[in-house]
Amino acid sequence: MLRLLSLSSAYPDENRPGMGNFVERQLRGLAERPGVEVEVVAPVGLPPFPLSLRPRYRLERTLPRAETIGGLRVHRPRFTILPYCGAGRADAMARALLPAMDEIRRRFAFDLILAEFFWPDGPAAMRLARRLGLPYAIKARGGDFERSAMHRSTRQLVLEAGTGAARLLAVSNTLRSAMVAAGLPADRIAVHHTGVDRAQFRLRDRAAAKTALKVHGPLLLNVGNLLPRKRQLLAIETLARIEGATLMIVGGGPDRKLLEARVRRLGLEHRVRMMGRVPQALLPFFYAAADVTLHTATMEGLANVWVESLACGTPVVATEAGGAREVIDRPEAGRVVASDPAAIAGAVGELLALAPVPAAVAASAAGYSWERNAAELEAHMRAAVAGAPLSPA
């Protein structure tokens, strides 16, 4: 029996089902495998009283201390976060979690800790695993490693945690190379691709999907949280260069007002639709309706958006980031271009003219599934527990 405790600083809850939903889906697939048990610790960071009473922390304050989501037991112990002390977040998390870890382990004798993000989860997992005398593993997903490894206040701690891990996982070959270049041991870093729910993200009738969304003409889609690093401004500026097209932006976040202001400035109010957050179950219908998905983020490992879009038969135009070229690896899958509206618009124009066959687009994502993701993750975690070396394959 493999018993794994996942430590994740982003995990879905009742109010935010999309937050870290890819972590939940990965762990659910792992727990469904025979001989594997999984529980989750999703710490809740709150500032000291009375700052914790601010409206922005209302959702965190009301989260249950423990609950079951998707068949997985999820623990939500609290820890204190201090303003302007981000570098101390991992230590604060580890100190606060020790009592909870001891209590969990008395009932659930887990064999190792898997940190789902490099920061702050990785260094916190290192502290906890050392205290408990257990191995630990860390998964790098993109910006969680690159930002923390580049920042002088967190770099040393991140490298210490990575060097001490029994296994390191990277979501793309490009990210693995960045980890090696930063000084982490290459013989412990495996590439572990994301999955996709092929029952949901599949080919559908594009014309019918467009009709349901009341769209006429070319439809461009952007999916992601509205944050500076996602750069939806690039998608809006690209639309201004493509006559007759509509852009749908799916996601919520602090940049919404900024994006709406740019839409008004460019006179695109009738061609840009801000859809807000959309339930995961409805996302496939947006992908199915789109002619092209735009992904303009500045920092990624291997974006779920790329794989989901391709599985639905919709090509992707992505800016250079992470493992984009590992996924968008053939003309039917789309283009990887410079972070420039003219270059993005040119690539979109090529794909609209080419109109690749959806089945050929979907074939480029054939190697991605949650079943494969879970099988590979189980193998990596069992090897980490056994102290086995990484297979040359």
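The values are calculated or read from the model by the stated rules, or taken from the named source; none is laboratory data. Everything numeric in this text was worked out from a predicted model, so none of it was measured. FYI the Cβ positions are ideal-geometry reconstructions off the backbone, even for glycines, and counts take in every protein chain you see. Side chains included, ligands, DNA and RNA excluded: accessible areas come from the protein's heavy atoms. Shrake-Rupley method; radii C 1.70, N 1.55, O 1.52, S 1.80 Å.
Would you say P331 is modelled with pLDDT under 95 and not hydrophobic (A, V, I, L, M, F, W, C)? Spelling it out, P331 is indeed modelled with pLDDT under 95 and not hydrophobic (A, V, I, L, M, F, W, C).
One residue is enough: does the range 262-275 have a residue meeting the conditions among the hydrophobic types (A, V, I, L, M, F, W, C), within 20 Å of L352 (Cα to Cα) and assigned to a strand (DSSP E or B)? Scanning the range 262-275, I find at least one residue that is among the hydrophobic types (A, V, I, L, M, F, W, C), within 20 Å of L352 (Cα to Cα) and assigned to a strand (DSSP E or B), so the answer is yes. Quick check on the range 76-91: of everything there that is among the charged types (D, E, K, R) and in a helix (DSSP H, G or I), which residue is farthest from H151 (Cα to Cα)? So, considering only residues that are among the charged types (D, E, K, R) and in a helix (DSSP H, G or I), the one farthest from H151 (Cα to Cα) is D91.
Residues that are touching a strand residue (DSSP E or B) at 6+ places or on another chain (Cβ under 7 Å) and surrounded by fewer than 21 Cβ atoms within 10 Å (Cβ to Cβ) were ranked within the range 339-349; the one that is modelled with the lowest pLDDT is S339. Elements of the type strands (runs of 3 or more DSSP E) sitting completely within the range 1-48 and holding at least 1 residues that are over 26 Å from F201 (Cα atoms) and among the acidic types (D, E): these cover 36-41.
Out of the residues in the range 45-71 that are among the hydrophobic types (A, V, I, L, M, F, W, C) and modelled with pLDDT of 80 or more, state the one that is farthest from L82 (Cα to Cα). Taking the candidates together, the pick is I69. Quick check: is even one residue across the range 3-23 among the aromatic types (F, W, Y), touching a residue at least 12 places away in the same chain (Cβ under 8 Å) and open to solvent by 50 Å² or more (accessible area, probe 1.4 Å)? Scanning the range 3-23, I find at least one residue that is among the aromatic types (F, W, Y), touching a residue at least 12 places away in the same chain (Cβ under 8 Å) and open to solvent by 50 Å² or more (accessible area, probe 1.4 Å), so the answer is yes. For the structure I just gave you, tell me whether R73 is part of a helix (DSSP H, G or I) and either open to solvent by 40 Å² or more (accessible area, probe 1.4 Å) or under 25 Å from E378 (Cα atoms) (or both). It is false that R73 is part of a helix (DSSP H, G or I) and either open to solvent by 40 Å² or more (accessible area, probe 1.4 Å) or under 25 Å from E378 (Cα atoms) (or both).
Go through the residues of the range 243-261 one by one and say whether even a single one is modelled with pLDDT of 90 or more, over 30 Å from R141 (Cβ atoms), part of a helix (DSSP H, G or I) and of a type in the set (A, V, I, L, M, F, W, C). The answer is yes, given that some residue of the range 243-261 is modelled with pLDDT of 90 or more, over 30 Å from R141 (Cβ atoms), part of a helix (DSSP H, G or I) and of a type in the set (A, V, I, L, M, F, W, C).
Residues of the range 302-330 that are of a type in the set (V, I, T) and part of a loop (DSSP other than H, G, I, E, B): T314, I328. Selection over the range 273-299 of residues that are more than 16 Å from V361 (Cβ to Cβ), open to solvent by 10 Å² or more (accessible area, probe 1.4 Å) and either among the charged types (D, E, K, R) or in contact with a Ser or Thr (Cβ under 8 Å, 6 or more places away or on another chain) (or both) gives a count of 3.
Does R325 count as farther than 30 Å from A165 by Cβ and open to solvent by 10 Å² or more (accessible area, probe 1.4 Å)? For R325, the condition - farther than 30 Å from A165 by Cβ and open to solvent by 10 Å² or more (accessible area, probe 1.4 Å) - is not met. Of G195, G224, G183, all but one fail to be at pLDDT 90 or above and on the phi > 0 side of the Ramachandran plot; the exception is G183. Out of curiosity, is G88 under 26 Å from Q200 (Cα atoms), modelled with pLDDT under 90, surrounded by fewer than 20 Cβ atoms within 10 Å (Cβ to Cβ) and not aliphatic (A, V, I, L, M)? No, not satisfied.
Does the range 300-309 contain at least one residue that is open to solvent by 10 Å² or more (accessible area, probe 1.4 Å) and over 23 Å from V191 (Cα atoms)? No; the residues of the range 300-309 include none that is open to solvent by 10 Å² or more (accessible area, probe 1.4 Å) and over 23 Å from V191 (Cα atoms). For the range 199-225, residues that are surrounded by fewer than 22 Cβ atoms within 10 Å (Cβ to Cβ) and either assigned to a loop (DSSP other than H, G, I, E, B) or aliphatic (A, V, I, L, M) (or both) total 17. Looking across the range 360-369 at every residue that is open to solvent by 20 Å² or more (accessible area, probe 1.4 Å) and assigned to a helix (DSSP H, G or I), the one that is nearest to L114 (Cα to Cα) is identified as A363.
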